[in-house]
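Below: the structure, in structure tokens.
The values are calculated or read from the model by the stated rules, or taken from the named source; none is laboratory data. Predicted model, so just to flag it, every value in this text is computed and none were measured. Glycine also receives a Cβ, built like all others from the backbone with ideal geometry; neighbour counts cover every protein chain displayed.
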Amino acid sequence: MIKNIFLDLGMVTVRLCQQRCIDAFTRIGIPDVAQQISNCRQFGMFADIEVGRMSVAEFHDSVRNLYHLPLTDVQIDEAWNAFILDTPVELQQLVFALHGRYRTFVLSNTNQIHFDYWAQHCMGTPGGHSVDECFDKCYLSNLLHLAKPDPAIYRAVLADSEVNPAESLYLDDNAVNVEAARAIGFVAEVSANPEQTIERLKKL
């Protein structure tokens, strides 16, 4: 019996647009970001901020120093956050309703810039609900200093949440992450977009 729900962010809970992000960075003078980012995995400094090897301030300075551009923190954040579109209100409402019957969590490879933007601008939209209203806790790669599919991140989450993985549904858009979660004992499934997530959660 499922008692716990773990949701990834990008593509599972959040609609993303990689091209929108690439275009935003190009407009501020950074044309090669397409080689460093993807929906599932980041590279270089984008990977460093995602696993907490680099702080937000260090990330900003790295962008400026690498490209020799006098960019403001706001300009960098706006380009990086252009990746994020929204979280459907229907999904927010569904997770909020399920939160009364299940323990609900986020488990995501992400960075603090993206997470804060999502929490402030996607969740709680008219008709929706805040992060705190929907989730017991958010487990983020940048705070854990671990990233999926490393088995250590799943073990760390299980140790902290004290849940039984066999009673825990985990949805991720990356099949590699799903297989890693299954190996730890999660009931893990692929969800390619928020609409699939909604349909799966409605079956609970």
Discussion item. Looking only at residues that are surrounded by 14 or more Cβ atoms within 10 Å (Cβ to Cβ) and more than 15 Å from the chain's Cα centre (by Cα) in the range 193-204, which one is nearest to VAL89 (Cα to Cα)?
Written reply: ILE198
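Taking TYR102 as the residue in question, decide whether it is farther than 18 Å from HIS60 by Cβ, surrounded by fewer than 23 Cβ atoms within 10 Å (Cβ to Cβ) and among the aromatic types (Phe, Trp, Tyr).
Working: farther than 18 Å from HIS60 by Cβ: yes; surrounded by fewer than 23 Cβ atoms within 10 Å (Cβ to Cβ): yes; among the aromatic types (Phe, Trp, Tyr): yes.
So TYR102 fits the description; yes.
Within the range 41-90, can you find the residues that are acidic (Asp, Glu) and within 20 Å of LEU144 (Cβ to Cβ)? Steps first, please.
Within the range 41-90, the first condition is being acidic (Asp, Glu), and the residues that meet it are 48, 50, 58, 61, 73, 77-78, 86, 90.
Residues satisfying the conditions are ASP48, GLU50, GLU58.
Please determine, by comparing only the residues of the range 17-38 that are aliphatic (A, V, I, L, M) and surrounded by 18 or more Cβ atoms within 10 Å (Cβ to Cβ), which one is farthest from PRO165 (Cα to Cα).
Step one: list which residues in the range 17-38 are aliphatic (A, V, I, L, M), which gives 22, 24, 28, 30, 33-34, 37.
From what's left, surrounded by 18 or more Cβ atoms within 10 Å (Cβ to Cβ): 22, 24, 30, 33, 37.
Details: ILE22: 37, ALA24: 40, ILE30: 42, VAL33: 37, ILE37: 31 Å.
Once the filter is applied, the top-ranked residue is ILE30.
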Item to complete: Go over the candidates THR125, THR87 one by one and state the one that is assigned to a loop (DSSP other than H, G, I, E, B), among the hydroxyl-bearing types (Ser, Thr, Tyr) and modelled with pLDDT under 95.
Response: THR125
Worksheet entry | Tabulated pairs, the range 42-54, first under 17 Å from ASN65 (Cα atoms), second of a type in the set (Ser, Thr, Tyr) and surrounded by fewer than 19 Cβ atoms within 10 Å (Cβ to Cβ), C-beta under 7 angstrom, 6+ apart or interchain | MET45/SER62; MET54/SER62
Item to complete: Restrict the check to the range 61-82 and report whether at least one residue is in contact (Cβ under 8 Å) with a residue 12 or more places away in the chain and touching a Cys at 6+ places or on another chain (Cβ under 6 Å).
Response: yes
Discussion item. Name the single residue that is surrounded by the fewest Cβ atoms within 10 Å (Cβ to Cβ) among those in the range 39-84 being of a type in the set (S, T, N, Q) and assigned to a helix (DSSP H, G or I).
Written reply: ASN65
